[in-house]
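The values are calculated or read from the model by the stated rules, or taken from the named source; none is laboratory data. Because the structure is predicted, anything quoted here is derived from the model rather than measured. Glycine gets a Cβ as well: all are built from the backbone with ideal geometry, and neighbour counts include every protein chain shown. Heads up: the accessible areas ignore ligands, DNA and RNA and are worked out on the full protein's heavy atoms, side chains in. Shrake-Rupley method; radii C 1.70, N 1.55, O 1.52, S 1.80 Å.
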Amino acid sequence: MDLSGKLRERHEQAMRTNRIKLVAMLILLVALLVVMWELRSCERRGAGQEKASPGHKEPVEPLPTVDTETKASLPEGEAPDVAPLAPAKEAEPLPAPKEDPEKKFPGITDPKVLEQVLDQNGELEGGPFLHMLWRVSQDTPEKLRAEADTKVVWPTLWDSAEAWRGKALRVSGELVQMWEMTLPGNPTGLAKLHAYRLRADNPPPGSKGYLYDVFAMEKLKGARRYDRLSVYGRFFKARVSEAQKLDDPDFQVAVVVARAFERPDYLDQAAIPGPIVDGNRAEARPLYWLLKRARDTSFEDLKAQAEARAAELKEQTGAELGFNDFTLWPERYRAWPVIVRGELRRLIRHCLPENLLDMPDVFYGQFAGEERRMNTFYCIHVPVGIRHGDPIVLYGYFFKRWEYASEGRYQVTSPIFVAQRMRIIEYGDATPGRGLAFTLVAVVGVTALVLGAAIVLSRTRDRKAAEARRQRETERMRAKFHPPEEKPEEPKPPDQG
């Protein structure tokens with residue numbers, strides 16, 4: 001009896017069974033890896049869980065919650081460049097008038113006192129200056145705006161100072177210096193004035209002039225060097241500003257007395273203001289611009305904008321926005337609304353100096369994102385009770401690329417985000433949670449479908465093989481009992497009676 005056919009069929013059946021077992025083992029291995037990953041994430045989130053060790057269990061102390069109430073300052077190299085312009089010198093006193101100010105008050109409204117002013121010298125006459133200050137204090141902002149000449153240029157004020165004395169005008173330029181001036185007794189009740197030196201637009205190269213000294217009754221919040229400022233006031237005189245050092249030249253300035261500066265407009269611009277230098281620490285103007293945008297945009301709108309941008313980018317490129325995009329092409333994604341996730345590594349409440357937003361502080365920190373790379377952020381709202389190591393999601397805007405030296409002296413490249421809100425990614429209270437349950441159900445379902453299909457296919461093949469085997473056995477039996485040369489007699493039909 002030939003057994004080779006049976007052995008071959010059994011071998012094929014064993015091979016099919018082994019394939020099914022191999023597929024099942026691979027699927028179960030994938031499921032095990034998914035479960036381990038989810039459990040690892042849950043262990044990070046769960047506080048006070050016990051960590052298993054050989055032979056006994058030791059409780060793991062949960063990380064303390066982050067102190068989000070105490071304000072702190074950052075190191076100089078890490079802090080954003082938001083410090084306002086410091087006074088260039090100590091407050092200088094206004095020279096006292098020739099007569100006692102108390103006796104001078106009855107005639108302070110007399111414009112003839114301005115005849116005492118001498119232009120293109122270094123003095124700032126006390127009596128005439130107090131008269132101009134009192135006159136400006138009686139003006140309303142609307143009156144100054146309506147009366148002001150907006151086209152006057154600096155050379156005209158220097159060359160024809162007497163003709164312009166006391167006239168309202170609008171001046172503008174870049175802030176280069178600031179200080180204060182103390183006042184003697186005067187009818188305005190002010191103890192000091194805030195002085196700001198502006199450089200007029202488009203000064204000639206090497207010019208010793210094109211400067212305005214504006215004495216304002218109100219302080220400008222958060223004034224910074226090179227701020228573009230404008231102000232409505234009254235021209236007082238052309239003055240020579242003596243150099244503080246012997247080697248420095250004297251400067252020619254136009255003196256203006258004003259109530260208050262116009263609010264700088266860079267916060268209201270449609271595009272993020274510059275300059276922005278990638279690699280350096282955060283610059284003040286674009287940082288405040290993004291903070292204002294994050295504060296004034298509703299959370300629902302910000303989230304919808306970020307999701308729409310992400311969907312649009314994925315449709316175009318087939319990939320999601322990630323760490324490499326922010327660090328390699330920062331100018332491409334500047335001020336984009338984004339949603340970023342990671343593990344919180346650092347969080348402090350950073351106090352801000354006086355600023356146009358009247359924002360006293362902002363949260364600053366870092367999180368580990370994809371491939372454990374560090375990301376830096378400024379955030380307005382953070383959850384109470386958050387811990388280092390918590391998985392978080394930030395809703396905000398991308399700012400720039402930053403490069404710094406870590407504690408281990410490694411050069412680190414990090415994107416900076418300005419966020420409106422931080423949220424903790426919840427995984428449940430020390431349990432796998434819905435995400436793990438859904439994952440397990442999906443894995444089990446896929447495993448069942450694959451195994452079921454494999455079993456049905458295997459059984460179908462086995463039935464076909466068994467049927468083929470039976471047919472072959474039948475043919476061999478017929479060939480054995482009825483050789484080909486001997487044909488069996490044809491059955492005769494029964495006799496019909």
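Take the residues in the stretch 125-147 that are free of Cβ contacts under 8 Å to residues at least 40 places away in the same chain and farther than 18 Å from Lys112 by Cβ; name whichever of them is least open to solvent (accessible area, probe 1.4 Å).
Top of the filtered list is Thr140.
So for the stretch 258-276 (the condition being surrounded by fewer than 20 Cβ atoms within 10 Å (Cβ to Cβ), out of contact with any Cys (no Cβ under 6 Å at 6 or more places or on another chain) and within 20 Å of Val117 (Cα to Cα)), does at least one residue qualify?
No: zero hits.
Return the only residue of Leu33, Leu63, Leu29 being assigned to a helix (DSSP H, G or I) and either at pLDDT 80 or above or under 24 Å from Gly389 (Cβ atoms) (or both).
Selected residue: Leu33, the only one of Leu33, Leu63, Leu29 that is assigned to a helix (DSSP H, G or I) and either at pLDDT 80 or above or under 24 Å from Gly389 (Cβ atoms) (or both).
Out of the stretch 66-114, which residues are open to solvent by less than 70 Å² (accessible area, probe 1.4 Å), modelled with pLDDT under 85 and in contact with a Pro (Cβ under 7 Å, 6 or more places away or on another chain)?
Leu94, Pro101, Lys104, Phe105, Ile108
A quick yes/no check of all residues on (1) open to solvent by 20 Å² or more (accessible area, probe 1.4 Å); (2) within 14 Å of the chain's Cα centre (by Cα):
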{"site": "Ala319", "(1), (2)": "yes, no"}
{"site": "Tyr333", "(1), (2)": "no, yes"}
{"site": "Arg341", "(1), (2)": "yes, yes"}
{"site": "Arg345", "(1), (2)": "yes, no"}
{"site": "Glu371", "(1), (2)": "yes, no"}
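Identify, by number, the condition in (1) touching an Asp or Glu at 6+ places or on another chain (Cβ under 7 Å); (2) modelled with pLDDT of 70 or more that Thr439 doesn't meet.
(2)
From the list Ile424, Ile386, exactly one residue is open to solvent by less than 10 Å² (accessible area, probe 1.4 Å) and either in contact (Cβ under 8 Å) with a residue 24 or more places away in the chain or in contact with an Asp or Glu (Cβ under 6 Å, 6 or more places away or on another chain) (or both). Which is it?
The unique qualifying residue is Ile386.
Given Glu320, Glu312, Glu307, which one is closer than 16 Å to Leu394 by Cβ and without any contact (Cβ under 8 Å) to a residue 12 or more places away in the chain?
Glu320
When only residues in the stretch 281-311 that are under 15 Å from the mean Cα position of the chain (by Cα) and surrounded by fewer than 19 Cβ atoms within 10 Å (Cβ to Cβ) count, which is farthest from Gly365 (Cα to Cα)?
In this case the residue turns out to be Gln305.
Can you tell me which condition Ala243 does not meet? The list is (1) free of Cβ contacts under 8 Å to residues at least 12 places away in the same chain; (2) surrounded by 18 or more Cβ atoms within 10 Å (Cβ to Cβ), and all the others hold.
Condition (2) is where Ala243 drops out.
Failed condition for Arg409, given (1) open to solvent by 50 Å² or more (accessible area, probe 1.4 Å); (2) on the phi < 0 side of the Ramachandran plot; (3) at pLDDT below 95, with all others met?
Checking Arg409 against (1) open to solvent by 50 Å² or more (accessible area, probe 1.4 Å); (2) on the phi < 0 side of the Ramachandran plot; (3) at pLDDT below 95, the one that fails is (2).
Go through (1) on the phi > 0 side of the Ramachandran plot; (2) open to solvent by 20 Å² or more (accessible area, probe 1.4 Å) and name the single condition Leu183 misses.
It fails just one condition, (1).
Give the number of residues within the stretch 306-335 that are within 30 Å of Gly385 (Cβ to Cβ) and aromatic (Phe, Trp, Tyr).
2
Restricting the search to the stretch 166-180, which residues are in contact (Cβ under 8 Å) with a residue 60 or more places away in the chain and either outside any loop (DSSP other than H, G, I, E, B) or crowded, with 21+ Cβ neighbours inside 10 Å (or both)?
Ala168, Leu169, Arg170, Val171, Leu175, Gln177, Met178, Trp179, Glu180
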